1. On full extension of the chain, what length is gained from GLU90 through GLN155, given 0.36 nm per residue of separation minus the C-alpha to C-alpha distance?
2. Using per-residue counts of other Cβ atoms within 10 Å, averaged over each peptide, order 41-50, 66-75 from highest down.
3. Between HIS43 and GLU133, what FRET efficiency comes out of the Förster formula 1/(1 + (r/R0)^6) with R0 = 22 Å and r the beta carbon distance, rounded to 0.05?
4. Count neighbours as other Cβ atoms within 10 Å of each site's Cβ, and list the chymotrypsin sites (Phe, Trp or Tyr not before Pro) in segment 67-125 that are DSSP loop with at most 12 such neighbours.
5. In whole Å, how far is the Cα centre of segment 40-79 from that of segment 107-147?
6. What FRET efficiency would be calculated for the residue pair MET111, LYS144, taking the C-beta separation as r and a Förster radius of 22 Å, to the nearest 0.05?
7. Would you mind computing, in nm to one decimal, how far apart the modelled labels at GLU55 and GLU75 are, each placed 7 Å from Cα along Cα→Cβ?
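Taken together, the values in this text are just the output of simple stated rules run on the coordinates, not laboratory data. Not measured: the values here are computed from a predicted model. Neighbour counts are summed over all protein chains in view; Cβ atoms, including those assigned to glycine, are modelled from backbone coordinates with ideal geometry.
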Amino acid sequence: MAFTRIILTSAVIAATAGLAFAGGHGGNPAVKARQSHMQLYAHNLGILGAMAKGEAEYNADAATAAANNLVAMTELNQMSYWPQGTSTAELGEETRALPAIWEEGGFAKAMEIGGALNQAAIELAAVAGDGQEAIGPALGAVGKQCGACHEAFQQPRN
């Protein structure tokens, strides 16, 4: 598990550094970093979701790795992804982040949801190796926290 965290953290740091250098070529680097982070969430959730639905063969090692990746990602400090002035109000379609996250109490609510997401990811990682049937309920709890943050702070897709 520690090895997985080291690899994931290194990958995220490398991707974030690359995005920071690419920032001058269009797009806000902080927005790109948070979007990349969300893409990594989606990738790992997709692996687990496909297994839970029977669309992919269950593999305990792959399920455990994906769940551990989610835990590691929920433990990363994401504050540099969310600078003032990077909402839909300022950047339009470049982002779907609503200004509400920067309003009073927004970050506190996001941190609360983030803590609940971390706990749900830890619980998912604890059962990910226990078979296909174990993934679904735990994955649902993770999805509930993702949805809570998106509902409060993300503009819906058109």
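1. Details: separation 65, 0.36 × 65 = 23.40 nm, distance 1.34 nm.
Here the segment from GLU90 to GLN155 would lengthen by 22.1 nm.
2. In descending order of packing, they fall as 66-75, 41-50.
3. On the way: r = 23 Å, r/R0 = 1.04.
For R0 = 22 Å, the calculated efficiency reads 0.45.
4. Numbers: sites: TYR81, TRP102, PHE107; in loops: none.
In loop regions of segment 67-125 (DSSP not H, G, I, E or B), there are no sparsely surrounded chymotrypsin sites (Phe, Trp or Tyr not before Pro).
5. 10 Å
6. It comes to 0.85.
7. For the pair GLU55/GLU75, the computed spacing is 2.9 nm.
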